[in-house]
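J.: This is the structure, below, for whatever I ask next.
The values are calculated or read from the model by the stated rules, or taken from the named source; none is laboratory data. Keep in mind that this is a model prediction, so the values were computed, not measured. Positions of Cβ are backbone-derived with ideal geometry, glycine not excepted, and every protein chain shown enters the neighbour counts.
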Amino acid sequence: MLLISLIWLRKCKFCFLCLLLVIPSLYSAPLPQWAKAPKVNELASLTLKESLSYAFGRSPSISQQAAQMGIGDAQIREAQSAWYPQIGLSGNTGSSTQNDIGNSLNNSASYGISLTQLVYDFGKTTNNIRQQEATSESYRYKLMATMTEVAEQTAATYVQVKRYEELVKAARENIASLTSVRDMAKLRADAGLSTRSDVLQAETRIASMRSTQQDYQAQLQTAKSQLAVLTGVQAAHYQSLPDSLAQQPVALDHIDYSQIPTVLMAESQQQAASYAVDKAKSQHWPTISLQGNRTRYENNNNDYWNNQLQLNVQAPVYQGGAVSSRIAQAEGARKMSTSAIDQSKLDVLQKASVAFANWNGARGREEASQQQYLSARNTRDVYKNEYKLSTRSLNDLLSVEQEVFQAEYSRIAANFDGWVAAINYASAVNNLMPLAGIALGDQQRLPELNSN
């Protein structure tokens, strides 16, 4: 029994070693192209305009909408093909008997060619082409709206990077100021003018601010990572935001809805629905076409050709109310599309109004925070002199240092809240990409991503 156990243990050990050799080979196999992680490149410097351009080239949603435009073009060509001759080949084999009064023909095979040319169908094909053209136009506006969404998300993330850069800088400056207070308290304690508790209290404040700085640093890295996911690049330095965003004209009563992609998309869909109604109504009318056939018949007696050239008229008489139902459906779709235009306008106005209110609020808070910051700095200078003269306690000096930092924090928060509101407003009125420096093509109204 002991011998059997030893043999079993040796076999298990051998199998375990084989498993260890096999497992790494499974994980070392190269990944397929679709399973590889997206790449992130390193850059020395990055601007907002460059970030948007990189994001446009990386966004899957933009690629999907661009492909949808290709589908729309193909749908137009499919609708237009109805006006072109339809040519077909046919062939069959097997016994076929044709009887008339005089004789009968036993055919064993037949083959031939047919040609059909649409002459007139009372608007069926024309309205179908127009419907597909309007639908394709809506795809183009959908692409523009998607690009605006991507630009807004990327720009807002870029603002977050700059926000936490400023907060990290403010925390660093406050640590430097607290360090000078700590050094001052240490000199006074060494001279016997104050107690060691002042030094400990100052060091406690420094440790707390360093913790706050590390929190801002973590938030900064998070924002950079989010921006890198959107753009595919990560930079050592991020340039300042363009002043044009903060200087854009704002007027809620003069929004040009004819330039906003979401409204234009809804309008194109409404036009497509109108053409669908006309196409449905045209089904009450006949379709006239010219048909030609040339067929070769093989039989036991004599092979022969059968030629046909006919004017074909197809007119619906009764279809159980199918045409009327299609018309009613198309009318309902048109009413819905008309409401979609109004809804898109309301969505734009609401977004612009909220952004406008946030913008004004941020500007007011920034001005108030700036005044608070200047007042706190002046108070800090006075308190430092009074602390040196032993007429002010260290608690007072540390409290005013906290007020200086809090005022600076409020100013930075209000400033970048204003930038976010400016981005949201520019996105709502379709003005974000021009303000960021990306030109719009005159023909397609799409960004020229290759421009410098």
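J.: Which of the numbered conditions does S45 fail, given that it passes all the others? Conditions: (1) surrounded by 10 or more Cβ atoms within 10 Å (Cβ to Cβ); (2) more than 26 Å from T146 (Cα to Cα); (3) modelled with pLDDT under 90.
T.: Here S45 clears every test but (3).
J.: What single numbered condition from (1) part of a helix (DSSP H, G or I); (2) within 30 Å of F56 (Cβ to Cβ) fails to hold for S240?
T.: (1)
J.: List pairs: first in region 80-92 and surrounded by 11 or more Cβ atoms within 10 Å (Cβ to Cβ), second among the charged types (D, E, K, R) and assigned to a helix (DSSP H, G or I), Cβ under 9 Å, 6+ apart or cross-chain?
T.: Note: pairs meeting the criteria are A82/K124.
J.: Looking only at region 376-389, filter to residues that are out of contact with any Lys or Arg (no Cβ under 7 Å at 6 or more places or on another chain) and either of a type in the set (G, A, S) or without any contact (Cβ under 8 Å) to a residue 12 or more places away in the chain (or both); which one of those is surrounded by the most Cβ atoms within 10 Å (Cβ to Cβ)?
T.: Selected residue: A376.
J.: Please enumerate the residues belonging to region 289-323 that are polar (S, T, N, Q) and loosely packed, with under 11 Cβ neighbours inside 10 Å.
T.: To start, the set of residues in region 289-323 that are polar (S, T, N, Q) comprises 289, 291, 293, 295, 299-302, 306-308, 310, 312, 314, 319.
Once the filter is applied, which keeps residues that are polar (S, T, N, Q) and loosely packed, with under 11 Cβ neighbours inside 10 Å, region 289-323 yields N300, N301, N302, N307, Q310, Q314.
Yes/no matrix, rows are residues, columns are (1) under 15 Å from E401 (Cβ atoms); (2) under 44 Å from the mean Cα position of the chain (by Cα):
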| residue | (1), (2) |
| --- | --- |
| S180 | yes, no |
| D183 | yes, no |
| R188 | no, no |
| S194 | no, no |
| E203 | yes, no |
| Q221 | no, yes |
| A228 | no, yes |
| V233 | no, yes |
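J.: Hey, A176 hits all of (1) out of contact with any helix residue (DSSP H, G or I) (no Cβ under 8 Å at 6 or more places or on another chain); (2) closer than 30 Å to W83 by Cβ but one; which does it fall short on?
T.: Status for A176: all satisfied but (2).
J.: Identify, by number, the condition in (1) out of contact with any Gly (no Cβ under 9 Å at 6 or more places or on another chain); (2) buried (at least 16 other Cβ atoms within 10 Å of the Cβ); (3) closer than 30 Å to D256 by Cα that L398 doesn't meet.
T.: That leaves (3) as the condition not met.
J.: All but one of (1) closer than 30 Å to Q269 by Cβ; (2) modelled with pLDDT of 95 or more hold for A413; which doesn't?
T.: For A413, the failing item is (1).
J.: Between L446, L432, which is in contact with a strand residue (DSSP E or B) (Cβ under 9 Å, 6 or more places away or on another chain), modelled with pLDDT under 95 and not β-branched (V, I, T)? Give the derivation first.
T.: On the way: L432 fails: in contact with a strand residue (DSSP E or B) (Cβ under 9 Å, 6 or more places away or on another chain).
Exactly one of L446, L432 is in contact with a strand residue (DSSP E or B) (Cβ under 9 Å, 6 or more places away or on another chain), modelled with pLDDT under 95 and not β-branched (V, I, T), namely L446.
J.: Related question: Pairs, please: C-beta under 8 Å, at least 6 apart or cross-chain, first residue farther than 18 Å from D417 by Cα and in region 343-356, second surrounded by fewer than 16 Cβ atoms within 10 Å (Cβ to Cβ) and of a type outside the set (D, E)?
T.: The qualifying pairs are L349/L252.
J.: Taking the condition over 22 Å from Q132 (Cβ atoms), in contact with a Ser or Thr (Cβ under 7 Å, 6 or more places away or on another chain) and at pLDDT below 95, does N302 pass?
T.: In short, no.
J.: Here's another thing I want to ask about it. Enumerate the pairs (first residue in region 140-158 and surrounded by fewer than 20 Cβ atoms within 10 Å (Cβ to Cβ); second residue anywhere and of a type in the set (F, W, Y) and in a helix (DSSP H, G or I)) with beta-carbon separation below 7 Å, excluding pairs fewer than 6 apart on the same chain, so at least 6 apart or on different chains.
T.: The qualifying pairs are V150/F56.
J.: Moving to a separate point now. Hey, does region 253-261 have a residue that's farther than 16 Å from A134 by Cβ, at pLDDT below 95, loosely packed, with under 15 Cβ neighbours inside 10 Å and more than 25 Å from the chain's Cα centre (by Cα)?
T.: Taking every residue of region 253-261 in turn, at least one turns out to be farther than 16 Å from A134 by Cβ, at pLDDT below 95, loosely packed, with under 15 Cβ neighbours inside 10 Å and more than 25 Å from the chain's Cα centre (by Cα).
J.: Provide a single number: the residues in region 356-405 that are of a type in the set (F, W, Y) and modelled with pLDDT under 90.
T.: Result for region 356-405: 1.
J.: Hey, V250 hits all of (1) more than 28 Å from D347 (Cα to Cα); (2) over 23 Å from the mean Cα position of the chain (by Cα); (3) of a type in the set (V, I, T) but one; which does it fall short on?
T.: (1)
J.: Could you look through region 175-218, keep only residues that are of a type in the set (D, E) and loosely packed, with under 15 Cβ neighbours inside 10 Å, and pick out the one that is farthest from R377 (Cα to Cα)?
T.: That would be D190.
J.: Run down R392, R411, R363 and say which single residue is basic (K, R) and surrounded by 21 or more Cβ atoms within 10 Å (Cβ to Cβ). Talk me through it step by step, then tell me what you get.
T.: Details: R392 fails: surrounded by 21 or more Cβ atoms within 10 Å (Cβ to Cβ); R363 fails: surrounded by 21 or more Cβ atoms within 10 Å (Cβ to Cβ).
When all the criteria are applied, what remains is R411.
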